[in-house]
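First the structure, in the form of structure tokens, and then the observations on it.
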Amino acid sequence: MLRLHDTALGHDRELRTRAPGEIGLYICGSTVYAPPHIGHGRFSLVYDVLRRFLEYSGFAVEHVSNVTDIDDKIIARANEEHRPPEEVAGQYEAEWWDAMDTLGCLRPTQVPHATAFIEEMVDLIAELVGLGSAYETSDGVYFTVSAVDDYGLLAHQSLASLRSGARVEVNEKKRSPLDFALWKKAKPAEPWWASPWGPGRPGWHTECVVMSLALLGEGFDLHGGGQDLIFPHHENERAQAVVAGKQFARRWMHNGMVEARGGEKMSKSLGNVLTLSDLFEQSDPRAYRLLVLQSHYRAPIEVTPTTLSDAVAALGRLDALSDRLDEAVGGEGERADPEVRDAFVERMQDDLDTPGATAVLFDAIRRANVAFDSREAARATELTRSVLECFGAVGLEAKGATEIPEAVLELGRRRDRARADRDFASADVLRSEIVALGYIVEDTSSGTRIRR
Ligand SMILES: [Zn+2]
């Protein structure tokens with residue numbers, strides 16, 4: 001049974017889903033106004049690992065992640081660049097999916113766009129106004145946070161202490177500094193949709209509560225995002241659901257931030273943002289996945305040239321082991337080592353202890369190499385298969401053996417059969433064929449080994 005830390009409770013608890021064997025995840029996605037950076041990469045990788053491990057564990061996963069395609073930042077960029085907001089959003093959304101594909105993140109099963117749910121958002125806002133928990137001002141409609149008894153549940157702070165810490169905004173129209181915009185009335189030349197409060201657009205916190213409930217239904221299993229979204233974004237999503245009388249997410253999961261050297265949080269204002277495309281130029285995209293796996297998802301991670309090159313070196317050990325599997329051509333079995341698999345699963349089930357799980361696998365890599373060196377082909381193969389299977393379960397694929405096309409491997413197997421039949425003329429012809437295709441042929445104790 002998988003145990004996960006629940007932000008609302010502040011401790012781990014067993015994952016029991018609404019329907020056995022099924023799980024619905026809503027993960028806050030991206031606001032598409034700039035190229036995706038490594039912070040986006042981290043949360044995408046964390047939830048991709050969660051999803052893959054759930055699927056590996058037999059769950060049918062409904063993975064919903066939104067695209068915020070209308071927002072102040074998109075409008076600001078569109079104005080700067082003298083082009084329509086939808087063009088800005090379209091461009092950066094395309095960049096987003098390119099980067100996610102390169103990271104090897106599975107596409108969510110559903111990707112709701114905010115602009116496709118405006119009517120539903122207007123309906124919710126009207127309901128909240130009707131209930132007396134929201135009010136109209138000259139620039140929009142605001143939610144009254146004091147309408148929610150346990151406001152501050154996710155932040156683990158009382159309304160009073162949140163209020164005392166709140167930044168006093170320039171906006172004097174709000175009744176309380178924590179009240180937040182449900183609807184923003186359009187300024188001249190801004191994009192707008194019709195509403196009972198005049199032309200405007202929805203606030204961000206309303207987007208996610210509406211889309212998660214619309215697509216996953218009440219009491220969906222898990223709501224996730226970065227720790228920077230706990231307050232106010234997720235607190236405010238939840239507040240709206242509470243007032244509307246809807247059962248919201250059953251549990252909450254939040255990942256840690258990316259830090260630059262010296263524990264400094266990555267932020268655009270610091271000017272130290274590394275985009276994912278920068279990262280892909282500097283390193284194997286798999287290195288970032290490994291780096292994310294080697295840190296606990298709730299802890300901060302440091303992404304520096306050193307941590308990345310350490311990850312690349314570790315990947316080299318995985319790839320080299322995968323290559324050695326060819327040494328065992330004709331060796332025993334398709335079986336993976338059950339002990340390694342069990343140890344891996346046990347670590348993962350403990351609040352996704354990916355650092356512990358990867359340590360289990362790197363230890364198995366070391367033991368597999370020892371077994372290969374001492375020509376224990378069956379043992380080496382078992383260990384190697386367990387390493388490849390378990391890394392595969394969290395989306396990390398070895399390069400190497402997989403790069404050699406099946407047709408070429410088949411030539412190797414035919415050569416082994418020819419040699420076994422002492423048909424050395426045919427074996428030589430097959431060797432020449434493989435070499436002509438650009439591969440190196442080596443004879444090992446267990447048969448033909450093919451390398452690039
Ligand atoms: Zn959200």
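The values are calculated or read from the model by the stated rules, or taken from the named source; none is laboratory data. All figures in this text were calculated on a predicted structure; none of them were measured in a lab. Note: ideal-geometry Cβ built from the backbone for every residue, glycine included; neighbour counts use all protein chains shown. These accessible areas exclude ligands, DNA and RNA; they are computed on the full protein's heavy atoms, side chains included. Shrake-Rupley method; radii C 1.70, N 1.55, O 1.52, S 1.80 Å.
Listing for the model above:
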| quantity | calculated |
| --- | --- |
| FRET efficiency for residue 410 and residue 378, using Cβ-Cβ distance with R0 set to 22 Å, rounded to 0.05 | 0.45 |
| Near-label residues of segment 367-411 by backbone N, under 16 Å of a point 7 Å along Cα→Cβ of residue 433 | 405-411 |
| Charge-dipole axis of the chain as Lys and Arg at +1 and Asp and Glu at -1 on Cβ define it, positive-most pick from 97, 435, 225 | 225 |
| Förster radius 25 Å - calculated FRET efficiency between residue 55 and residue 9, Cβ distance, rounded to 0.05 | 0.50 |
| Pairwise centroid distance, computed over Cα atoms, of segment 185-199 with segment 354-408, Å | 57 |
| For the chain: rounded, prolate or oblate by the Cα gyration tensor [a/c cutoff 1.5] | prolate |
| Per residue value of the accessible surface for the chain (all protein chains in place, 1.4 Å probe), Å² | 44 |
| Length added when fully stretched, residue 150-residue 310, from 0.36 nm per residue minus Cα-Cα | 53.1 nm |
| Segment residue 335-residue 119, length gained on full extension (0.36 nm per residue, minus Cα span) | 72.4 nm |
| Using a Förster distance of 41 Å, the FRET efficiency for residue 94-residue 158 (Cβ separation, nearest 0.05) | 0.40 |
| Cα-Cα pairs of segment 82-131 separated by more than 12 Å (percent) | 75 |
| Nitroxide proxy distance, nm - points 7 Å out along Cα→Cβ at residue 138 and residue 442 | 7.8 |
| Crossing angle, helix 354-373 versus the chain [Cα axis fit, 0-90 degrees, rounded to tens] | 10 |
| Dipole magnitude of segment 311-452 about its Cα centre (Cβ charges: Lys, Arg +1; Asp, Glu -1), debye to nearest 20 | 520 |
| About the Cα centre, charge dipole magnitude for the chain (Lys/Arg +1, Asp/Glu -1 at Cβ), debye | 480 |
| Kirkwood Rh in Å, taken over segment 135-186 so that all alpha-carbon pairs contribute | 11.7 |
| Full-stretch length increase - residue 362, residue 79 - with 0.36 nm per residue and alpha-carbon distance subtracted | 96.8 nm |
| Estimated dipole of segment 1-67 in Debye, rounded to 20 [Cβ of Lys and Arg +1, of Asp and Glu -1, Cα centre] | 80 |
| Sum of side-chain charges, residue 250 neighbourhood, beta-carbon under 15 Å (Lys, Arg +1; Asp, Glu -1) | -1 |
| Square roots of five times the Cα gyration tensor eigenvalues for segment 1-100, Å | 34, 14, 12 |
| Accessible-area order (highest first, 1.4 angstrom probe) of the listed residues 30, 164 | 164, 30 |
